Every structure is written in structure tokens, then in C-alpha cells.
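For reference, the structure is listed below as C-alpha cells.
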Amino acid sequence: MLVKCSVSSIDVENISHSVTLVPRFEYSINLLDDIIDVLFGKRAEMKESNRDLAHDFDESDRAQADALKLERLMVHSLEILLHVKKNMRRISNIGSIPEVLPSSIPMIRTVSAQLFGIVPNCSRTLSEISVHLGSIIIDSAALTTARFDFSQSNTESSTMLNKVKLMSDCKLSKQYPNLDFFKLCNT
């Protein structure tokens with residue numbers, strides 16, 4: 001995937017460095033897949049546990065409200081990671097890394113922070129992924145002489161986080177049509 005570099009465009013010394021990107025990238029994707037699997041399982045458990053709340057929700061019951069907030073957080077985190085994975089799959093060569101990956105790191109860190117107290121192992125693994133991807137971005141930028149605009153990456157990340165939040169809220173609104181998640185999560 002990333003190893004398909006033209007020898008004429010990169011000197012021999014840089015080729016050996018570019019080859020080291022592939023294992024780190026694949027390792028990061030595998031870790032991300034594992035986390036997504038765990039979160040799908042947790043999401044399914046929460047959905048089953050909260051199934052009756054779609055019809056019998058008591059706003060004054062703090063445990064029910066907390067259960068729905070937790071499910072919302074899980075759905076939101078899962079959607080972000082699915083978007084990050086989709087983004088990572090867009091990488092076709094070493095030159096696309098600095099264009100695609102920088103906005104993914106703040107998204108991964110956001111999910112890591114959200115999951116810290118809920119699923120600590122996933123949070124730690126997401127931190128590890130962000131470190132690996134950061135090093136991959138830096139190495140690929142050095143090889144391709146790319147430059148970064150961190151402001152643009154942060155703006156892209158923030159915009160995508162907002163879109164994903166709307167998508168996940170929409171999914172939950174369909175699952176729980178009688179509940180106002182905006183009101184629930186702001187109380």
C-alpha cells in the first residue's frame with residue numbers, strides 16, 4: 001500500500017524509512033479495529049439494557065438518564081472511530097498521509113478522553129494509536145517534504161466531530177423517538 005514508491009522520486013535512504021511506515025500503519029489499523037469491535041459489543045449491551053427506556057423513561061430517575069447518556073457517549077465515540085477508520089482507508093500512498101491523517105489525531109484523542117473512565121483499556125490503546133499515527137505523519141512529511149497547517153487540521157477535526165455528533169444523535173433519536181436527547185444531556 002504505502003510501499004509503492006517510485007525510486008526516481010525518493011532517494012534510496014528515504015525508501016528504507018518509508019517501508020517502516022507500513023507496519024506501524026497496519027498495526028494502528030488493527031488496534032483501531034479491535035477497539036471498534038469492543039465498542040460495538042458495549043454498544044449492543046447498552047442498547048439491550050436500555051431497550052425498555054424507549055417506552056418507559058422516567059426523567060426523574062437519575063439512573064435511567066445516566067444510562068442513556070452513557071449510550072449516547074458510546075454511540076458518539078463509535079461513530080467517530082468509524083469515521084477515522086474510513087479516513088485511514090483513503091490513504092493510498094505516502095504522499096496522501098500528511099493530507100489525510102492530521103485531522104484524525106484530535107478525533108482519536110477526543111474519544112480517548114471520553115472513554116477514559118468508562119473503558120480505560122480502549123482509552124489507553126487510542127492514546128497509543130494517536131502516538132503511532134503522529135509519528136507516521138511526521139515521518140511521511142519528512143519523506144515527502146510536506147508542510148502542516150495545524151489550524152486547518154483542527155478546524156477539519158472540529159467540523160467532523162460536530163457532524164458525527166449530529167449523526168449519532170440522529171441515530172439515537174430514531175431509536176428513542178419519545179426522548180429529547182438535547183434536553184436530557186444538558187440537565
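Mind listing whichever residues of segment 136-169 are modelled with pLDDT of 90 or more, open to solvent by 40 Å² or more (accessible area, probe 1.4 Å) and of a type in the set (S, T, N, Q)?
Matches in segment 136-169: T155, S158, T159, N162.
Would you say H55 is assigned to a helix (DSSP H, G or I) and either open to solvent by less than 10 Å² (accessible area, probe 1.4 Å) or closer than 21 Å to V22 by Cβ (or both)?
On the way: assigned to a helix (DSSP H, G or I): yes; either open to solvent by less than 10 Å² (accessible area, probe 1.4 Å) or closer than 21 Å to V22 by Cβ (or both): no.
So H55 does not fit the description; no.
Could you look through segment 9-42, keep only residues that are within 18 Å of S123 (Cβ to Cβ) and of a type in the set (D, E, K, R), and pick out the one that is modelled with the lowest pLDDT?
Looking at the filtered set, the residue picked out is K42.
So which residues in segment 81-108 are of a type in the set (A, V, I, L, M) and over 20 Å from Y27 (Cβ atoms)? Lay out the reasoning, then the answer.
Taking segment 81-108 as the starting set, the residues that turn out to be of a type in the set (A, V, I, L, M) are 81-82, 84, 88, 91, 94, 97, 100-101, 105, 107-108.
Of everything in segment 81-108, nothing turns out to be of a type in the set (A, V, I, L, M) and over 20 Å from Y27 (Cβ atoms).
Filter segment 85-97 down to the residues that are open to solvent by less than 40 Å² (accessible area, probe 1.4 Å), without any contact (Cβ under 8 Å) to a residue 40 or more places away in the chain and within 14 Å of the chain's Cα centre (by Cα) and list them by number.
First pass over segment 85-97, keeping only residues open to solvent by less than 40 Å² (accessible area, probe 1.4 Å): 87-88, 91, 94-97.
Narrowing the set further to residues that are without any contact (Cβ under 8 Å) to a residue 40 or more places away in the chain leaves 87, 96.
N87 - this is the single residue of segment 85-97 that is open to solvent by less than 40 Å² (accessible area, probe 1.4 Å), without any contact (Cβ under 8 Å) to a residue 40 or more places away in the chain and within 14 Å of the chain's Cα centre (by Cα).
Would you confirm whether or not segment 69-84 contains a residue that is within 18 Å of the chain's Cα centre (by Cα), of a type outside the set (F, W, Y) and open to solvent by 70 Å² or more (accessible area, probe 1.4 Å)?
No, every residue in segment 69-84 fails to be within 18 Å of the chain's Cα centre (by Cα), of a type outside the set (F, W, Y) and open to solvent by 70 Å² or more (accessible area, probe 1.4 Å).
Could you tell me which numbered condition S6 fails, if it satisfies all but one of (1) modelled with pLDDT under 95; (2) open to solvent by less than 80 Å² (accessible area, probe 1.4 Å); (3) assigned to a helix (DSSP H, G or I)?
Answer for S6: the failing condition is (3).
Scanning segment 123-135 for residues that are open to solvent by 10 Å² or more (accessible area, probe 1.4 Å) and touching a residue at least 40 places away in the same chain (Cβ under 8 Å), which turns out farthest from V22 (Cα to Cα)?
Of the residues in segment 123-135, the ones open to solvent by 10 Å² or more (accessible area, probe 1.4 Å) are 124-125, 127-128, 131-132, 134-135.
Keeping just the survivors that are touching a residue at least 40 places away in the same chain (Cβ under 8 Å) gives 125, 128, 132, 135.
Details: T125: 19, E128: 16, H132: 11, S135: 12 Å.
Filtering first and then ranking leaves T125.
Considering each of Q114, Q175 in turn, give the residue that is in contact (Cβ under 8 Å) with a residue 40 or more places away in the chain, on the phi < 0 side of the Ramachandran plot, more than 21 Å from the chain's Cα centre (by Cα) and surrounded by 13 or more Cβ atoms within 10 Å (Cβ to Cβ).
Numbers: Q114 fails: more than 21 Å from the chain's Cα centre (by Cα).
The unique qualifying residue is Q175.
The values are calculated or read from the model by the stated rules, or taken from the named source; none is laboratory data. A quick note: this is a predicted structure, and the numbers were derived from the prediction, not measured. Note that we place each Cβ from the backbone using ideal geometry, even for glycine, and neighbour counts take in every protein chain shown. What goes into the accessible areas is simple: the full protein's heavy atoms, side chains included, and nothing from ligands, DNA or RNA. Shrake-Rupley method; radii C 1.70, N 1.55, O 1.52, S 1.80 Å.
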